[in-house]
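Computed from the coordinates by the stated procedures, all read-outs in this text should not be read as laboratory data. The model shown is predicted, which means the values in this text are computed figures rather than measured ones. Cβ placement follows ideal geometry from the backbone for every residue including glycine, while neighbour counts extend to all protein chains displayed.
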Amino acid sequence: MRKRALLLSAFILFISAAFLKADDFLEIHTPVFTVYCDPSINLDRLYKKINRRRLYFYKSTRPDPSSTAEEKMAFRVNLILEKVKEILGMYPASMNFKIKIFKDQVSVTDAYRGITGRNDKVKAFYVHKLRTIFTSEQGVTDSVLAHEMGHLLQNYYFVAPPSAKISELLSIYVDTNLEE
């Protein structure tokens, strides 16, 4: 039984690695994340999608006006993570994660099916074993990223991650309180 579980885990990680390959994806680096974007994505439009909600913060919430699209993306992704940490009261020491942004929702659904074996349609999802958030240009918003970052923080912060229902409630709490 134990061998079977180990083989299944190894198989899932092997299959998952195919969805993490980002050979031709644009890489944007932040202190915590490497964001992989499909090269056909318009970064200015993507930035606007993750910059819709106002985040009330003790520090600057706007990047330098002369920043490149990549720098604006990195700034906003970090800002969302800082807000999620504040909302959950979880401040892990050092973190290193990935966000993979596909061009379309079909690619997200395909990745989800390939990794989990389930046929559900999802806007985004987080896989703790891969330390990766998956989403698409079509489905991503600041709320979606914050929600998935909530799952990410919970899985990273707790030795024994909360149950799926509790994790979902905490991530909904993040989204509900994002603008406070």
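Data for the structure
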item: FRET efficiency, residue 172 to residue 129 (Cβ-Cβ, R0 25 Å, nearest 0.05); result: 0.60
item: Residue 96/residue 119 FRET efficiency (R0 35 Å; Cβ-Cβ; nearest 0.05); result: 0.70
item: Burial ordering of 27, 71, fewest other beta-carbon atoms within 10 Å first; result: 27, 71
item: Cα gyration tensor, region 22-180 - rounded (a/c under 1.5), prolate or oblate; result: oblate
item: Likely footprinting exposure, 106, 140, 159, fewest C-beta neighbours within 10 Å first; result: 159, 106, 140
item: Burial ordering of 44, 104, 175, fewest other beta-carbon atoms within 10 Å first; result: 44, 104, 175
